[in-house]
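A quick write-up on the structure given underneath.
The values are calculated or read from the model by the stated rules, or taken from the named source; none is laboratory data. These numbers come from a predicted model, not from an experiment. Cβ coordinates were reconstructed from backbone atoms using ideal geometry, including for glycine residues, and neighbour counts include every protein chain displayed. Remember, those area values only see protein heavy atoms, side chains included, never the ligands or the DNA or RNA. Shrake-Rupley method; radii C 1.70, N 1.55, O 1.52, S 1.80 Å.
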Amino acid sequence: MSQHHLIVVGFDEIVANKYLPRIGAAIKEGHLDSYSIIDLESERTAIQERVRAVDTKPNQAIYLRDSRSLGREAASELISSAVKQLRMPGLPTKMYIATEVQAHEAYLRHCVENGIDSLVEKPVLAPVVDGRFSPSSITKTMEELVRIASCSAAKHSVMTLSRYHEIYNRRVVSALRERVERWSAPLTSFHLRAAGGVWNLQHEYESRDDHPYKHGYGMMMHGAYHYVDLASQILSLNALVYPERRFMLELSSFGAFPSDQHARLSNPVARRFQDSLPRWEQADAELFRFGETDITSTFRLRDIETGRTLTVGTLSFEQTTPSVRAWNGLPTGLYNKNGRTSSVDLEAQLSTLYSTHVHCYDIPRGRNPDGIDAFARVTTRANASLFPDEQYVSVETFDGLFHSDSNRRLMDNWLRGTESKSALADHLLPMKITEAMASSLRTPGQPVKFAFFSNPPSA
């Protein structure tokens with residue numbers, strides 16, 4: 001067994017509460033020798049308090065100045081110096097990148113260029129040009145990083161919900177894959193709506209750094225990525241039927257933004273939060289100042305050579321949906337500061353033969369915003385006259401789910417060196433879809449398209 005020293009970049013509440021127990025277990029099992037922390041100087045006091053409260057202590061913690069204003073070369077030197085200080089003699093290094101998303105690229109680039117195993121939080125990167133989100137740079141940067149990564153033996157993975165999920169992956173993707181292969185039946189329609197239930201007040205779009213809509217990216221570069229990744233896995237199943245065909249994905253989108261929020265919320269309720277006045281008077285000028293809160297897209301997957309349509313569908317990612325937020329200021333010590341209550345509705349159909357429909361939603365336990373379980377219902381419909389081993393309709397229910405179990409499985413496998421379902425290269429396609437959707441918001445309703453080359457997801 002090869003031991004590593006782990007560098008954790010970004011030691012927030014999620015890392016401390018969700019993943020540090022897994023890191024501690026990996027140390028006890030002998031996969032890790034120890035871990036250290038890199039974070040921002042501005043977070044020093046909060047990190048020191050967090051470290052005092054945890055059982056598994058780091059070897060060291062290094063605090064850097066914010067590198068967002070630095071050029072690539074200066075940021076690279078800053079990171080390189082910190083990593084050099086934290087290296088353990090005789091031990092290879094792993095790096096878990098859990099910073100705010102626009103800092104991902106610099107740390108990931110350091111890992112791929114220096115052959116350091118890495119795990120980066122979703123989404124992989126959010127290019128920023130002159131302080132504003134620049135989605136058109138995503139694919140070019142991803143392709144470059146994947147190419148460099150392929151030149152060394154280091155392994156690079158992405159932390160996302162939909163690679164080890166009990167329902168989405170083990171029940172849905174696996175069942176679809178088995179039937180696509182057995183029947184040579186392509187995916188002909190796919191619809192996914194993820195309702196986040198996240199409630200930001202107007203002033204919080206300007207002030208928050210942990211979910212910084214203020215830099216011009218919103219839902220697409222936050223929670224939506226989990227489901228873009230899931231959609232890409234399901235759409236990629238078509239490669240099992242048509243491995244030699246080349247396809248084009250075309251989509252068009254509409255969105256809502258913080259500048260729309262005043263008109264979209266109940267004024268009597270907003271007044272309870274001192275949030276009932278329009279904050280940005282010049283809505284047109286402010287439209288892309290802040291990232292989107294809601295986005296809905298329609299798409300088709302068509303054969304490039306023949307022009308024929310194979311798959312049609314919709315992708316909708318919204319945060320302006322039922323929340324449990326009942327407080328004005330953001331409370332300390334609470335993870336679910338925005339009152340998130342997720343609801344995901346998904347249906348995938350194999351032409352006239354089979355469909356699977358999933359509704360997975362959160363159920364709050366009492367009055368504790370952090371006490372939330374998940375419930376799922378999976379309904380399938382099939383042509384049982386043609387396939388006697390199928391049922392016309394079947395329904396399964398799953399109670400007491402925890403979405404975080406999927407993330408923890410991924411983390412455990414990565415720490416052990418056995419992670420194989422969420423490699424960096426596997427995220428090139430979902431990041432291309434992310435770029436297309438984020439770019440399409442800048443020309444509402446106008447189609448954006450790109451060549452859709454894929455491999456089926458790992459079985």
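Select, from Ala263, Ala231, Ala239, Ala270, the only residue that is under 17 Å from the mean Cα position of the chain (by Cα) and either modelled with pLDDT under 90 or in a helix (DSSP H, G or I) (or both).
Only one candidate passes the filter, namely Ala231.
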Check your understanding: Can you pull out the residues in segment 14-61 that are surrounded by fewer than 20 Cβ atoms within 10 Å (Cβ to Cβ), under 17 Å from Leu91 (Cα atoms) and in contact (Cβ under 8 Å) with a residue 60 or more places away in the chain?
Key -> Glu29
Practice item. Please work out which residue is modelled with the lowest pLDDT, limiting yourself to segment 108-134 and to residues that are surrounded by fewer than 21 Cβ atoms within 10 Å (Cβ to Cβ) and farther than 16 Å from Ile7 by Cα. Key: Gly131
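Is there a residue in segment 236-252 that is small (Gly, Ala, Ser), under 30 Å from Asp370 (Cα atoms) and open to solvent by less than 10 Å² (accessible area, probe 1.4 Å)? Write out each step before concluding.
Residues of segment 236-252 small (Gly, Ala, Ser): 236, 239, 252.
If we keep only those that are under 30 Å from Asp370 (Cα atoms) too, we end up with none.
No, the conditions are met nowhere in segment 236-252.
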Check your understanding: When you go through Pro322, Pro268, Pro331 one by one, which is the residue that is in contact with a Gly (Cβ under 7 Å, 6 or more places away or on another chain) and more than 30 Å from Pro186 (Cα to Cα)?
Key -> Pro322
Check your understanding: Looking at this structure, is Leu353 surrounded by 15 or more Cβ atoms within 10 Å (Cβ to Cβ) and under 29 Å from Ser232 (Cα atoms)?
Key -> yes
Check your understanding: Just to be sure, is Gly218 modelled with pLDDT under 95, among the small types (Gly, Ala, Ser), crowded, with 24+ Cβ neighbours inside 10 Å and under 30 Å from Ser276 (Cα atoms)?
Key -> yes
Check your understanding: If we keep just the residues of segment 432-459 that are farther than 19 Å from Arg300 by Cβ, in contact (Cβ under 8 Å) with a residue 40 or more places away in the chain and touching a Ser or Thr at 6+ places or on another chain (Cβ under 7 Å), which is most open to solvent (accessible area, probe 1.4 Å)?
Key -> Asn455
Review point. How many residues does segment 356-397 hold that are in contact (Cβ under 8 Å) with a residue 12 or more places away in the chain and either open to solvent by 60 Å² or more (accessible area, probe 1.4 Å) or not hydrophobic (A, V, I, L, M, F, W, C) (or both)?
Key: 22
Exercise for review: Search segment 233-244 for residues that are more than 18 Å from Arg171 (Cβ to Cβ) and pair each with any residue that is at pLDDT 95 or above and buried (at least 17 other Cβ atoms within 10 Å of the Cβ) when their beta-carbon atoms are under 6 Å apart and the residues are at least 6 apart or on different chains.
Suggested key: Asn238/Pro186; Asn238/Leu187; Leu240/Val180; Val241/Pro186
Exercise for review: Determine whether Thr99 is surrounded by 17 or more Cβ atoms within 10 Å (Cβ to Cβ) and polar (S, T, N, Q).
Suggested key: yes
